[in-house]
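Undergrad: Let me begin by handing over the structure; questions about it come next.
Each reported figure results from applying straightforward, stated rules to the coordinates on display, with no laboratory input. Just so we're clear, the structure is a prediction, and the values are computed from it rather than from any experiment. Every residue, glycine as well, gets a Cβ built from its backbone with ideal geometry; the counts of neighbours run over all protein chains shown.
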Amino acid sequence: MSGFVSEMRRTGNGLLLRISIIAAIGGLLFGYDTGVISGALLYIKSDLHAGQFAQQAIVSSLLLGAMVGALLSGYLADAISRKWTKVLSGSVYVIGALGCAFAISAPMLIGFRFLLGISVGTASFVAPLYISEVSPPKVRGGLVSFNQLAITSGILIAYIVNFLLKDVTNNWRWMLGLAALPGAALAIGMLSVPHTPRWLVQRQRQDEARDVLDRLRDSDPDADIDDELDTITEASKEEGASRVRDLLAPKIRRLMTIGLGLALFQQFVGINTVIYYAPTILADTGLTNSSSITQTVFVGITNVVFTIVAVLLLDRVGRRKLLLTGTVGTVLSLLLLGVYFSSATLQHQAGYLALVALLIYIASFAVGLGPVFWLMISEIFPVGIRSKAMSVSTLANWAANFLVAATFLTLGSLITRQGTFFLYAGIAVVAFAFFLAKVPETKDRSLEQVQDTLFTSDEPTVKESA
Ligand code: BGC
């Protein structure tokens, strides 16, 4: 079986690549905001006289905004299209980023971070949604995961910007304001992309859908436009489900369990404690602040590198194998972190072990749960209900993100740092069992074939052996 790059060369074209990259800028906004705030906060707190409560509100208002954004855009993506929802999200982001950069008080900053969150929450799932609906099956895993690659690149860019601007006057304003650039790139770039064929068919705009498919598949020797269009049309007629309450219908409920399970486990294995608190965790191993910040950059680089590995492998080895293997790595590295923090001897004599464990952890997440959650929720739901089901799964993911971020430090004082890592390891074991039992393989199938097997089968899920 050929890999992502050779398959793209064989079947993809410049248009498909270009619009997938533009749509993935949404992920860059998501990642940049995730990574930038810990660095910026160091300076904001003295400049804007923000106490502990205000600081927490500055961090978490984005997560709350993201929940609102995820919810609203479930409607928007159907009502005004995936394309225009993303144009809107980029534009709101520019206003949010500039508002943060020019904020003169903590409440003003909190308000603009909330607005930014609305945009990030929207972008976080409309990007995978858009890309999955324009991609041919054989490269869909890699293309949709451009979004996760953009998220991880955004985090890394933010770590680097934090590092480079550390001695510049008004640095936090630059750190937050610079994000307006990718926001503008997203809004302007999205003006030039076509609507997705699935959305056009849903709106009975068959001729335009055919035209877009023609342009997207013009160099694909396997493409049969009539067949693809018929399948999309049939699938969209069959379901007819489109209201939020349809999410509770028994057949959709089964799919929602998979989407929500992936959403919650993705956060409850503790990924963002590492992303938000890596310097704190590393400083606890006895490193100075400046070397823990430098080592955090290694965490960021590992995240990007292993996401590239995932992009290259998802369409070759499949989603399930990567998900399951990555989750095993997550369990082992969390156990290692727990053991490390439990043992005074290890902490004295093998300080490097904490960094090694963090790197294994981030690499395991980056090849598995990181990209696979966003990819699977863009694949498993039928088109009529896809954007709403994705929006609810995304909302759950942001809510869990919020919960983990808000409890990590408190958990540390209640059950110790090692206890917290053992707890996450336990959750990761349950996650593994859930994935093994419930998550189907979707590689090489069209979205319609995926939904046909999942939606109409009476089996709990369609599986391939791991
Ligand atoms: C998660 C984020 C996380 C990021 C880390 C994403 O898939 O949804 O919460 O910060 O991966 O790479």
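Undergrad: Add +1 for every Lys or Arg and -1 for every Asp or Glu among the other residues with Cβ under 13 Å from the Cβ of Arg253, and state the total. Walk me through the numbers before you get to the answer.
TA: Numbers: positive: Arg245, Lys251, Arg254, Lys438; negative: Asp246.
With Lys, Arg at +1 and Asp, Glu at -1, the net is +3.
Undergrad: Given a cut-off of under 8 Å on Cα pairs at least six residues apart, what relative contact order in percent is computed for the chain?
TA: Values: 776 pairs, mean separation 110.4, N = 466.
Once divided by the residue count of the chain, the mean separation gives 24 percent.
Undergrad: Okay, next question. Which residues among the range 136-153 fall inside the zone where the amide N is under 19 Å from a point 7 Å beyond the Cα of Glu208, along Cα→Cβ?
TA: Output list for this probe position: empty.
Undergrad: Further question on the same structure: Rounded, prolate or oblate: which one fits the range 24-73, using the alpha carbon gyration tensor with axes a ≥ b ≥ c (rounded when a/c is under 1.5, else prolate when a/b beats b/c, else oblate)? Intermediate values should be presented prior to the final figure.
TA: Details: a/c = 3.96, a/b = 1.64, b/c = 2.42.
Judged from the Cα gyration tensor, the range 24-73 comes out oblate (a/c at least 1.5, b/c at or above a/b).
Undergrad: Quick one: helix 52-79 against the long Cα principal axis of the chain, what's the angle to the nearest 10°, folded into 0 to 90?
TA: Long axis of 52-79 versus the principal axis of the chain: about 0 degrees.
Undergrad: Just to confirm the number: angle between the C-alpha axis of helix 271-283 and the first principal axis of the chain, 0 to 90 degrees, nearest 10?
TA: Helix 271-283 sits at roughly 20 degrees to that axis.
Undergrad: What ranking do 424-433, 151-160, 191-200, 403-412 get when scored by the average of other Cβ atoms within 10 Å per residue, highest first? Kindly include the intermediate steps, with their values, before the conclusion.
TA: Values: 424-433: 18.8, 151-160: 24.0, 191-200: 20.3, 403-412: 16.3.
Those peptides, ordered most packed to least, come out 151-160, 191-200, 424-433, 403-412.
Undergrad: Loop only by DSSP, 16 or fewer other Cβ within 10 Å of the Cβ. Give me the trypsin sites (Lys or Arg not before Pro) in the range 288-340 that pass, ordered by residue number.
TA: Details: sites: Arg316, Arg319, Arg320, Lys321; in loops: none.
Answer by residue number: there is no such site.
Undergrad: Along the Cα→Cβ direction, 7 angstrom out, place labels at Lys166 and Leu41. What is the inter-label distance in nm?
TA: That separation, rounded to one decimal, is 1.8 nm.
Undergrad: Assuming R0 = 22 Å, what is the FRET efficiency of Gln418 and Ile301, from their Cβ-Cβ distance, to the nearest 0.05?
TA: Working: r = 26 Å, r/R0 = 1.20.
Computed FRET efficiency for Gln418 and Ile301 comes out at 0.25.
Undergrad: At 222 nm, what helix-only mean residue ellipticity would the chain give, in deg cm²/dmol to the nearest 500, using -39500 (n - 2.57) for each DSSP H run of four or more?
TA: Working: 21 runs with 381 residues, N = 466.
After summing the helix terms and dividing by residue count, I get -27500 deg cm²/dmol.
Undergrad: Give the cross-link partners of Lys438 among the aspartates and glutamates, using a straight C-alpha distance below 16 Å as the criterion and excluding same-chain residues fewer than 8 apart.
TA: In chain and number order, the partners are Glu379, Asp458, Glu459, Glu464.
Undergrad: Which of rounded, prolate or oblate describes the range 60-174 when judged by the alpha-carbon gyration tensor and an a/c cut-off of 1.5?
TA: Values: a/c = 2.90, a/b = 1.48, b/c = 1.96.
Oblate.
Undergrad: Now for a different question. So which lysines pass the test for Lys166, namely a Cα distance under 16 Å, with those fewer than 8 places away in the same chain ruled out?
TA: Cross-link targets: Lys45.
Undergrad: Once you have the Cα-Cα distance between Val429 and Thr325, take 0.36 nm times their residue separation minus that, and quote the gain in nm to one decimal.
TA: Values: separation 104, 0.36 × 104 = 37.44 nm, distance 1.20 nm.
Full extension from Val429 to Thr325 adds 36.2 nm.
Undergrad: Working only with C-alpha atoms, what are the Rg and Dmax values of the chain, expressed in angstrom?
TA: In Å, with Rg to one decimal and Dmax whole: 21.6, 70.
Undergrad: I've got another one for you. Please tell me the relative contact order of the range 316-367 in percent, rounded to the nearest whole number, where contacts are Cα pairs under 8 Å and at least six residues apart.
TA: 54 percent.
Undergrad: Compute the acute angle (0 to 90°) between the alpha-carbon long axis of helix 82-101 and the principal axis of greatest extent of the alpha-carbon atoms of the chain; round to the nearest 10°.
TA: The answer is roughly 20 degrees.
Undergrad: From the cross-link list Lys138/Lys321; Lys83/Lys388; Lys321/Lys388; Lys251/Lys388, which pairs have alpha carbons spaced over 21 Å apart? Spell out each step's value before the answer.
TA: Numbers: Lys138/Lys321 17 Å; Lys83/Lys388 16 Å; Lys321/Lys388 28 Å; Lys251/Lys388 15 Å.
Too far apart for the 21 Å limit: Lys321/Lys388.
Undergrad: Going highest first, how would you order 74-80, 129-135 by mean Cβ packing within 10 Å? Before the final figure, lay out the partial values.
TA: On the way: 74-80: 19.0, 129-135: 27.1.
With the highest mean Cβ count within 10 Å placed first, the list reads 129-135, 74-80.
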